[in-house]
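Quick note: the coordinates plus some simple rules give every number you see, no bench work behind them. Here the structure is a predicted model, which is why all the values come from computation and not from measurement. Using ideal geometry, Cβ is built from the backbone for each residue, glycine included, and neighbour counts are taken over all protein chains shown.
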Amino acid sequence: MAEIKVLSREDILKAEDRRIEVVEVPEWGGSVRVRSMTGAERDQFEGEVLDIRRGGVELKRANFRARLVVRTVVGDDDKPMFSPGDLEALGAKSAAALDRVIAIAMRLNGLEPGALEVAAKN
């Protein structure tokens, strides 16, 4: 039977647990780097796209794709490539191109269909 390692505070804080994947976007003529969000970034994203009211949760669909691209696409320095000021311009890009990127972003960040609503209810 394999020994179970109980992690220390230091083990957890020094763990490299964020992932980056490259996705080809032919509509844009190349590839982009998509990364997982931190816990704080995910909380901010959920705050932007979820409308939590008594009796339910509603997904704010306005520029959802662009918002996720802003949060997850990074340059070679692993820093965000876009800012919230780019939302309108990104929202005007091809839905097919954005979908290629957000499919990876959603998988890396555990945003399967319905995951945001479940997170909001919890």
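Observations, loosely collected:
- In the stretch 27-48, residue surrounded by the most Cβ atoms within 10 Å (Cβ to Cβ) [restricted to those that are under 12 Å from Asn109 (Cβ atoms) and in contact (Cβ under 8 Å) with a residue 24 or more places away in the chain]: Val34
- Selection within the stretch 73-96: residues that are over 20 Å from Leu108 (Cα atoms) and among the charged types (D, E, K, R). The member of this set that is surrounded by the fewest Cβ atoms within 10 Å (Cβ to Cβ) is Glu88.
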